[in-house]
1. Quick one: what does P(r) look like for the chain with 5 Å bins over all Cα pairs, in whole %?
2. Is it possible to state the helix-based mean residue ellipticity at 222 nm for the chain, with each DSSP H run of 4+ residues giving -39500 (n - 2.57), the sum divided by total residues, to the nearest 500 deg cm²/dmol? What is it?
3. Over the chain, what is the mean sequence separation of C-alpha contacts under 8 Å (at least six apart), divided by residue count, expressed as relative contact order in percent?
4. Rolling a 1.4 angstrom probe over the protein heavy atoms, how many square angstrom per residue are accessible across the chain?
5. Which value, in debye to the nearest 20, gives the size of the charge dipole of the stretch 140-210 about its Cα centre, when Lys and Arg are +1 and Asp and Glu are -1 at the Cβ?
6. Share of antiparallel DSSP beta bridges in the chain, in percent to the nearest 5?
7. Could you go through the stretch 182-188 in sequence order and give the Karplus-derived ³J(HN,Hα) for each residue, using 6.51 cos²θ - 1.76 cosθ + 1.60 with θ = phi - 60°, rounded to whole Hz, and x for Gly and Pro?
8. Mind listing the long-range amide H neighbours of Gln146? Cut-off is under 5 Å, sequence gap 5 or more, other chains count too, H placed in the peptide plane at 1.01 Å from N.
Amino acid sequence: MKRLTVFLISICTILCFTVGCGVEKKTEGPKVLKVGTEVFFPPFAFRDPGTKEITGFDMDLIRAIGKKMNMQVVLLDMNFEALLPAVKRGNLNAAIAGITITPDRQKIVDMSDPYYESGLSIVVRKGEEAKCKTPEELKGKTVAVQSGTTGEEKAKQLAGENVLSFKTSEETFQALKDKKAEAIVIDKPVARYLIRKQFPDAAVAVDAFATESYGIVMRHHGDLTPKINKALAELKSSGEYDKIYEKWFGKDTK
């Protein structure tokens, strides 16, 4: 009988270690934050010409958010149009790529509190600024846009069927350079960056004519949304957000 008692106690001890004696273990959540982006959107996301690493304002910001959440950020390069569906399906934890907060997008995914205030600009070839002084003057012109963006939506409203859609912002500028398009509708900071870095023969004809706010995309009604918003708020209150902003845009551009 004594041996049987000892045996039963031993079995109970083993079970306690393997299943936790019936006490529910608390899950810490994913250690890895899988984040989708589109790397042809400088200065928010692009590959460094030297290191080939994904860099940019959005990349620095999401890495800082991940650090606040004690999570390792893993970046996945995807087409812009594929980002929201991938988050919705659960293939990504989040997406960040200068994604404008809109009511239509908020119907299918969660979007964080705004992290960047932007606007749409109209770009033309240098010397042709007088041909397009207002957004309404896009009517009848061939307009290049990046597919899946709010710039594409706005261009179709203004120019009708004369809209050429491309996968990347660089391709829209190349179309303008090659005279396949007469204008581009694109986010203001991207326009200014690409003109300064790659396409000096282009010029902004109409500055930010439609204001927009960027947000981080997450799965609808998920528990990640309040965590990312909390981390973003902490970065702003600590001044770390300002340091990231100034690194990419300077002190006097807000």
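1. Computed distribution, short to long bins: 1, 6, 12, 16, 16, 13, 10, 7, 5, 3, 2, 2, 2, 2, 1, 1, 1, 1, 0, 0, 0.
2. On the way: 9 runs with 98 residues, N = 254.
Roughly -11500 deg cm²/dmol at 222 nm, from the helical runs in the chain.
3. Relative contact order for the chain comes out at 24 percent.
4. Numbers: 13980 Å² over 254 residues.
Per residue, the chain has an accessible area of 55 Å².
5. Numbers: 11 positive and 10 negative charges, 32 e Å.
That gives the stretch 140-210 a dipole magnitude of about 160 debye.
6. On the way: 23 of 37 bridges.
The antiparallel fraction comes to roughly 60 percent.
7. Once θ is set to phi - 60°, the couplings for the stretch 182-188 become 9, 7, 10, 10, 7, 4, 3 Hz.
8. Here the answer is Glu152, Phe166, since their amide H atoms fall under 5 Å of that of Gln146.
The values are calculated or read from the model by the stated rules, or taken from the named source; none is laboratory data. Everything quoted here is computed from the prediction, not taken from an experiment. Ideal geometry is used to build each Cβ from the backbone, glycine not excepted, and the neighbour counts take in all protein chains shown. Quick note on the areas: whole protein, heavy atoms, side chains included, nothing else; ligands and nucleic acids left out. Shrake-Rupley method; radii C 1.70, N 1.55, O 1.52, S 1.80 Å.
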